[in-house]
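Notes follow once the structure below has been shown.
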Amino acid sequence: MEQLIVTLVTFDGAVNWTVGFLTTVSIFAILALALNIQWSVGILNFGVAAFFMVGAYVSAVLTLPAPEGLESYVAGWGIPIPVGWLFAMVAGAVLAVLLGIPTLRLRDDFLAIATIGVAAILRSIANSVEGLVNRSRGLNGIDGFLEQEVSGGGYRWVELAIALVILCAVYWLVTQATASPWGRALRAIRDNEDTAKASGKNTVRFRMGAFILGSMLMGLAGAIYAHRSGTISPLTFSDLLGTFFVWTMLIVGGSGNHRGVVVGALVVGFFWFGTPLIQESLPDWLGSRVFQVRQLLIGLLIVAFLLWRPQGLLAERDRVSRFVTVGPENRSTERGSLWRRLRERAATQLPRS
């Protein structure tokens, strides 16, 4: 009987952990898909944490009730949560416009430096300005979407369903966007911006559009995360978890491949959130450092993929149109061979100078 109870508790704990893991990974997969949109045009956004944090705080302060006691934050209007999510997306877009206007005309490394700086500035403002977002004390008691309508412990399944539905919607959106002529223009700008300019493309406008769309989705992910966790503070949105964790998902999964990004989120998320599960099985000298160990594992994962599989688990396909794709996984097939023969034939018929 005792063994049966232990088994049931273990099974229930495993289910709870799995549901929580999939919910959190789904939110980070939305972040990674948003980053992939920006990378599709060659934008190096190293300030993902800034847009993640802005979306979380905007939705939280708008949906929370008026502050009481020692709490001190703006708004507190208690508006419906879905409306707060919409405002979070708008806030991400506004931040992208303010940051993109002076930087998107510059080289990619300037934009990367600017986004890192913006993330640090926003964290500093949240920590130091009184009456804005409750400073380092953070915001607490953030309600979850539909939490009041679900009783008992069943809300975790609702959270998972919400995260998965939004993830599927975002996946469909970015897939349709990148398969369109707009998406092909983004890849052309990323691969050779001078050639795209010579073809009459307004590269700055395309880059700004991709930057805004990705930032809106990052703001949405931040809002979902805030209402899922119930508590946020400036320390929640560190560069490690908010930015480089997401970049690792992109590198491991395969930049430019949306399915790969989702797979990368699962793989990297399992390394990050699964490592503490083996803490009790490790020697004392290693178990006490399990959180440092997982950071080391993530670093080794990045290095391994950059050295031995830079294209990621699922490589980006060379897409000519939404109907014709050629990639490393199908170049040996009949269609891939036919495509190569057509290209070779066209090359032999080019006039020689």
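Within region 166-176, is there a residue that is under 22 Å from G55 (Cβ atoms), modelled with pLDDT of 95 or more and of a type outside the set (A, V, I, L, M, F, W, C)? Yes, because at least one residue in region 166-176 is under 22 Å from G55 (Cβ atoms), modelled with pLDDT of 95 or more and of a type outside the set (A, V, I, L, M, F, W, C). Could you tell me whether any residue of region 192-207 is at pLDDT 90 or above, closer than 19 Å to G55 by Cα and of a type in the set (D, E, K, R)? No, region 192-207 has no match at all. Might you check whether a residue that is more than 26 Å from the chain's Cα centre (by Cα), surrounded by 13 or more Cβ atoms within 10 Å (Cβ to Cβ) and either assigned by TED's automatic domain parsing to the domain that holds W247 or not in a loop (DSSP other than H, G, I, E, B) (or both) occurs anywhere in region 107-129? So far as region 107-129 goes, no, none of its residues is more than 26 Å from the chain's Cα centre (by Cα), surrounded by 13 or more Cβ atoms within 10 Å (Cβ to Cβ) and either assigned by TED's automatic domain parsing to the domain that holds W247 or not in a loop (DSSP other than H, G, I, E, B) (or both). Of the residues T195, T243, which single one is in contact (Cβ under 8 Å) with a residue 24 or more places away in the chain, over 18 Å from L173 (Cβ atoms) and either in contact with a His (Cβ under 7 Å, 6 or more places away or on another chain) or outside any loop (DSSP other than H, G, I, E, B) (or both)? Result: T243 is the single residue among T195, T243 that is in contact (Cβ under 8 Å) with a residue 24 or more places away in the chain, over 18 Å from L173 (Cβ atoms) and either in contact with a His (Cβ under 7 Å, 6 or more places away or on another chain) or outside any loop (DSSP other than H, G, I, E, B) (or both).
Residue-level check: of (1) free of Cβ contacts under 8 Å to residues at least 40 places away in the same chain; (2) assigned to a helix (DSSP H, G or I); (3) surrounded by 14 or more Cβ atoms within 10 Å (Cβ to Cβ), K201 misses just (2). Yes or no: region 258-281 includes at least one residue that is at positive phi and either touching a Gly at 6+ places or on another chain (Cβ under 6 Å) or loosely packed, with under 15 Cβ neighbours inside 10 Å (or both). Looking for residues that are at positive phi and either touching a Gly at 6+ places or on another chain (Cβ under 6 Å) or loosely packed, with under 15 Cβ neighbours inside 10 Å (or both), one finds none in region 258-281, hence no.
Residues of region 129-163 that are more than 26 Å from T24 (Cα to Cα) and in contact with a Lys or Arg (Cβ under 7 Å, 6 or more places away or on another chain): none at all. For region 84-102, the count of residues that are in the same structural domain as G214 (by TED's automatic domain parsing), assigned to a loop (DSSP other than H, G, I, E, B) and not basic (K, R) is zero.
Can S40 be described as more than 21 Å from the chain's Cα centre (by Cα), at pLDDT below 90 and not basic (K, R)? Considered against the rule, which asks whether it is more than 21 Å from the chain's Cα centre (by Cα), at pLDDT below 90 and not basic (K, R), S40 comes out as no. Test each condition in (1) at pLDDT 90 or above; (2) more than 19 Å from L44 (Cβ to Cβ) for A210 and report the one that comes out false. If we test A210 against (1) at pLDDT 90 or above; (2) more than 19 Å from L44 (Cβ to Cβ), just (2) comes out false. Is region 56-63 home to any residue that is in the same structural domain as V174 (by TED's automatic domain parsing), surrounded by fewer than 24 Cβ atoms within 10 Å (Cβ to Cβ) and assigned to a loop (DSSP other than H, G, I, E, B)? Checked region 56-63: no residue is in the same structural domain as V174 (by TED's automatic domain parsing), surrounded by fewer than 24 Cβ atoms within 10 Å (Cβ to Cβ) and assigned to a loop (DSSP other than H, G, I, E, B). Being aliphatic (A, V, I, L, M) and over 25 Å from P102 (Cα atoms) is a property that does not hold for L217.
Considering the conditions (1) at pLDDT below 95; (2) farther than 29 Å from N16 by Cβ; (3) assigned by TED's automatic domain parsing to the domain that holds V83, S229 is excluded by exactly one of them, (2). Counting the residues of region 14-55 that are over 15 Å from G269 (Cα atoms), aliphatic (A, V, I, L, M) and buried (at least 21 other Cβ atoms within 10 Å of the Cβ) gives 10. Screening E149 with (1) in contact with a helix residue (DSSP H, G or I) (Cβ under 6 Å, 6 or more places away or on another chain); (2) under 30 Å from S72 (Cα atoms) gives one miss only, at (1). Does I101 satisfy the criteria of being among the hydrophobic types (A, V, I, L, M, F, W, C), more than 30 Å from T18 (Cα to Cα), modelled with pLDDT under 90 and surrounded by 15 or more Cβ atoms within 10 Å (Cβ to Cβ)? Taking the combined requirement at face value, the residue does not satisfy it.
Every condition in (1) modelled with pLDDT of 90 or more; (2) outside the structural domain of L173 (by TED's automatic domain parsing); (3) crowded, with 19+ Cβ neighbours inside 10 Å is met by A221 except one, and the failing one is (2). Filtering region 137-188 to residues that are of a type in the set (G, A, S) and on the phi > 0 side of the Ramachandran plot leaves G138, G141, G152. Screening I43 on (1) in the same structural domain as L173 (by TED's automatic domain parsing); (2) hydrophobic (A, V, I, L, M, F, W, C); (3) part of a helix (DSSP H, G or I) shows it passes everything except condition (3).
The values are calculated or read from the model by the stated rules, or taken from the named source; none is laboratory data. Computed from a predicted structure; not experimentally measured. Here Cβ is always computed from backbone atoms with ideal geometry, including for glycine, and neighbour counts include all displayed protein chains.
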